[in-house]
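J.: Take a look at this one; I'll ask things after.
The values are calculated or read from the model by the stated rules, or taken from the named source; none is laboratory data. Remember, predicted model here, so these are calculated numbers, not experimental data. As a convention, Cβ positions derive from the backbone with ideal geometry for all residues, glycine included, and neighbour counts pool all protein chains shown.
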């Protein structure tokens, strides 16, 4: 296990220093071998998820190939949402766009901003985000969020659907139940 852990941290370091196509392979490995498949960055913008202590990593190559075939004509962006909106408007593809957004979750307690800093360089302004999403009248979008009072207050003007209840493990010592919600600007839930 020690050798696997050392290898994981070597790949994590390469991922943080690399900006080419091989980074995708590193990313896939880190998502499979890291703790709980979580993506998290530190205040310097570096991926910092610890090793997941997994004996084996399973990859379904046939499924990866199938997904690869399906997304050949799809453009993916990993940007701050403001920058993405500029690109979509510039390319005039906003009418055909589907946006999946996964902002930092809003937990149900008094230290929301402190928890958000674990996953982002800065505190994410959810209210500004929602106001900007409302301006996208011609694109379809879906936002994943945890079920909490503050999340429902901010995102509650959108269509809401319960995705699933799950057990979240924040670190090896702490787990809790959580319900994940989907908010969108179109009806996505079955009656």
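So that you can scan it fast, the table gives a plain yes or no per residue for (1) in a strand (DSSP E or B); (2) farther than 28 Å from residue 75 by Cβ; (3) at pLDDT below 85:
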position	(1), (2), (3)
100	yes, no, no
105	no, no, yes
108	no, yes, yes
113	no, yes, yes
121	no, no, yes
124	no, no, yes
127	no, yes, no
131	no, no, no
137	no, no, yes
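J.: Quick one: which residue in 41, 6 is touching a strand residue (DSSP E or B) at 6+ places or on another chain (Cβ under 7 Å) and either surrounded by 11 or more Cβ atoms within 10 Å (Cβ to Cβ) or outside the structural domain of residue 96 (by TED's automatic domain parsing) (or both)?
T.: Answer to the check: 41.
J.: Let me ask something else. Pairs please, first residue from segment 75-104 and more than 23 Å from residue 45 (Cβ to Cβ), second anywhere and modelled with pLDDT under 80 and loosely packed, with under 12 Cβ neighbours inside 10 Å, Cβ atoms under 6 Å, 6+ apart in sequence or on different chains.
T.: Listed by first residue and then by second, the contacts come to 94/138; 95/138.
J.: Another question, then. Scan segment 29-44 and give yes if some residue there is closer than 23 Å to residue 99 by Cβ and in contact (Cβ under 8 Å) with a residue 24 or more places away in the chain, otherwise no.
T.: yes
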